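Novice: Have a look at this one.
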Amino acid sequence: MSAKTQNKPADKAKKGKKKKSKTREWIDALIFAVIAATIIRTFVMEAYTIPTPSMEKSLLVGDFLFVSKMHYGARIPMTPLSFPFAHNTMPLFGGKSYLTWIKLPYWRLPGFQHIKNNDVVVFNWPADDDARPVDKKENYIKRCIAIPGDTLEIKDGIVFINGKENKEYPGQQLDYFVNTDGTPLNEKSLSELGIDPGSPTNVPGQFFYFLTEAQAEKLKSFGNVKSVIPLIQKKGDIPTLGEPIFPSDAAHFPYNIDNYGPIVIPKKGVTVPISMANLAVYHRLISQYEGHKLDVSKEGNITIDGKEATQYTFGMNYYWMMGDNRHNSQDSRYWGFVPEDHIVGKAWFIWMSWNKDGGVGSKIRWNRLFHGIN
């Protein structure tokens, strides 16, 4: 057999192998990029933007964060059929960005650590009742004040965990009543102190401001300021404007946002007695988060899955989340516990901070770039 004959199969293979077109190469590269980015977003880290002032001054509106999925262990998607990079709504067009044809049970990969007291955590809002799957509920970010098994109590605005005063953070804010001699406060001086515009009352010289403790002390030194007083709701006070305070049972739990508890955070495997006196605390947990059928008879007898119950064993761990802007935050004081299957990840660091109200040269808050979150 000649060399010419021996080379024919190889020559045919070369001729049969066509070079990819530029369009095909771009499509392949795009598909690879989408898959890689989706894996990173699901299992490693995800970008998040601070949309509201509930964590000020610790986190500012316009901060762009990376949220680590690795620290607590990445949650396996419970709704895997979804549009890439969209949370629960299609960009531009609106409508749902996911299909519920396939639903997976809650499961989490091993993490580097467990959630610790005072970690800043991103989670799916548990009070979202729009029939969305858990992993498609709205994302919230708060500080985890109490972890499973902790006893939480708030006394005159001060948080106590297991009887000990909790750590306060420099960015923590309260609502203050500021009384001047009748003249307004200097806006430039307020801006230099990082104080956001306040709300005037009907009385000249009287204002409400959200302030850190340090800002409040500096305001006291202003020549036209007579007093700076934190607005703390006293024990037994009716919640402001009739706001619903968890567990919405004032007869048994007469709480407000500044005097709350004591309340024990549910821990997986722990059994507690249940009755009409405390059912308000556990009702949503049992029926919504852990999926049992709970009924109460006219006589006040409680049944779970058709069996009379006087106690309940928790199937998951739960957490208590609060915003650092204590008087301007919708958090666990309003809607209760956050189940472990709602945890998204740990707020890691700020990679960009954009001040939409800043001037031409001050839109970017340079001092916050690549700033770790504590």
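Novice: Of (1) crowded, with 17+ Cβ neighbours inside 10 Å; (2) touching a residue at least 24 places away in the same chain (Cβ under 8 Å), Asn374 satisfies all except one. Which?
Specialist: (1)
Novice: Within region 202-209, is there a residue that is touching a residue at least 60 places away in the same chain (Cβ under 8 Å) and not aromatic (Phe, Trp, Tyr)?
Specialist: Here is the first cut: in region 202-209, the residues touching a residue at least 60 places away in the same chain (Cβ under 8 Å) are none.
Looking through region 202-209, none of the residues is touching a residue at least 60 places away in the same chain (Cβ under 8 Å) and not aromatic (Phe, Trp, Tyr).
Novice: Shifting gears a bit: Name the residues in region 253-269 that are exposed (fewer than 14 other Cβ atoms within 10 Å of the Cβ) and in a loop (DSSP other than H, G, I, E, B), would you? Spell out how you get there, then give the answer.
Specialist: From region 253-269, those exposed (fewer than 14 other Cβ atoms within 10 Å of the Cβ) are 262, 268-269; that's our starting set.
Of everything in region 253-269, those that are exposed (fewer than 14 other Cβ atoms within 10 Å of the Cβ) and in a loop (DSSP other than H, G, I, E, B) turn out to be Lys268, Gly269.
Novice: Looking at Lys235, Lys226, Lys188, can you tell me which residue is of a type in the set (D, E, K, R) and touching a Ser or Thr at 6+ places or on another chain (Cβ under 7 Å)? Don't jump to the end; show me each part of the working.
Specialist: Numbers: Lys235 fails: touching a Ser or Thr at 6+ places or on another chain (Cβ under 7 Å); Lys188 fails: touching a Ser or Thr at 6+ places or on another chain (Cβ under 7 Å).
After ruling out the rest, the residue left standing is Lys226.
Novice: Scan region 81-96 for residues that are part of a loop (DSSP other than H, G, I, E, B), surrounded by 13 or more Cβ atoms within 10 Å (Cβ to Cβ) and in contact (Cβ under 8 Å) with a residue 24 or more places away in the chain and report the count.
Specialist: 3
Novice: Ok, one more. With respect to Lys346, determine if the residue is within 29 Å of Gln173 (Cα to Cα), surrounded by 20 or more Cβ atoms within 10 Å (Cβ to Cβ), touching a residue at least 60 places away in the same chain (Cβ under 8 Å) and basic (Lys, Arg). Please lay out each step first, then the result.
Specialist: Numbers: within 29 Å of Gln173 (Cα to Cα): yes; surrounded by 20 or more Cβ atoms within 10 Å (Cβ to Cβ): yes; touching a residue at least 60 places away in the same chain (Cβ under 8 Å): yes; basic (Lys, Arg): yes.
Considered against the rule, which asks whether it is within 29 Å of Gln173 (Cα to Cα), surrounded by 20 or more Cβ atoms within 10 Å (Cβ to Cβ), touching a residue at least 60 places away in the same chain (Cβ under 8 Å) and basic (Lys, Arg), Lys346 comes out as yes.
Novice: Scan region 120-162 residue by residue and report those that are in contact with a Lys or Arg (Cβ under 6 Å, 6 or more places away or on another chain) and in a loop (DSSP other than H, G, I, E, B).
Specialist: Across region 120-162, the qualifying residues are Trp125, Asp128, Pro148, Gly149.
Novice: Where residues in region 156-180 are β-branched (Val, Ile, Thr) and more than 15 Å from Ala146 (Cβ to Cβ), which of them is surrounded by the most Cβ atoms within 10 Å (Cβ to Cβ)? Step through it out loud before you land on a result.
Specialist: Quick first cut of region 156-180, residues β-branched (Val, Ile, Thr) only: 158-159, 161, 178, 180.
The next check asks that each one be more than 15 Å from Ala146 (Cβ to Cβ); those that pass are 178, 180.
Values: Val178: 24, Thr180: 19.
Looking at the filtered set, the residue picked out is Val178.
Novice: Before we move on, is Arg143 under 21 Å from Leu65 (Cβ atoms), surrounded by fewer than 16 Cβ atoms within 10 Å (Cβ to Cβ), in contact with a strand residue (DSSP E or B) (Cβ under 6 Å, 6 or more places away or on another chain) and of a type outside the set (A, V, I, L, M, F, W, C)? Outline the logic, then answer.
Specialist: Working: under 21 Å from Leu65 (Cβ atoms): yes; surrounded by fewer than 16 Cβ atoms within 10 Å (Cβ to Cβ): no; in contact with a strand residue (DSSP E or B) (Cβ under 6 Å, 6 or more places away or on another chain): yes; of a type outside the set (A, V, I, L, M, F, W, C): yes.
Taking the combined requirement at face value, the residue does not satisfy it.
Novice: Among the residues of region 197-238, which ones are charged (D, E, K, R) and at pLDDT below 90?
Specialist: Residues of region 197-238 that are charged (D, E, K, R), as a first pass: 213, 217-218, 220, 226, 234-235, 237.
The one that is charged (D, E, K, R) and at pLDDT below 90: Asp237.
Novice: Hey, could you check region 17-50 for residues that are modelled with pLDDT under 90 and either under 17 Å from the mean Cα position of the chain (by Cα) or among the hydroxyl-bearing types (Ser, Thr, Tyr) (or both) and say which is nearest to Asp135 (Cα to Cα)?
Specialist: Result: Thr38.
Novice: Same structure again: Of the numbered conditions (1) more than 21 Å from Asn325 (Cα to Cα); (2) outside the structural domain of Asn317 (by TED's automatic domain parsing), Val270 satisfies every one except a single condition; which is it?
Specialist: Here Val270 meets the rest and fails (2).
Novice: Could you say whether any residue in region 181-192 is part of a strand (DSSP E or B), out of contact with any Asp or Glu (no Cβ under 9 Å at 6 or more places or on another chain) and surrounded by 16 or more Cβ atoms within 10 Å (Cβ to Cβ)? Walk me through it before giving the result.
Specialist: Our first condition is that a residue be part of a strand (DSSP E or B); within region 181-192, this holds for none.
Within region 181-192, none of the residues are part of a strand (DSSP E or B), out of contact with any Asp or Glu (no Cβ under 9 Å at 6 or more places or on another chain) and surrounded by 16 or more Cβ atoms within 10 Å (Cβ to Cβ).
Novice: What are the residue pairs meeting all of these: first residue in region 39-58, first residue surrounded by fewer than 18 Cβ atoms within 10 Å (Cβ to Cβ), second residue hydroxyl-bearing (Ser, Thr, Tyr), Cβ atoms under 8 Å, and 6 or more apart or on different chains?
Specialist: Cβ pairs passing all conditions: Val44/Ser68.
The values are calculated or read from the model by the stated rules, or taken from the named source; none is laboratory data. Fair warning: this is a prediction, and the values are worked out from it, not measured in the lab. FYI the Cβ positions are ideal-geometry reconstructions off the backbone, even for glycines, and counts take in every protein chain you see.
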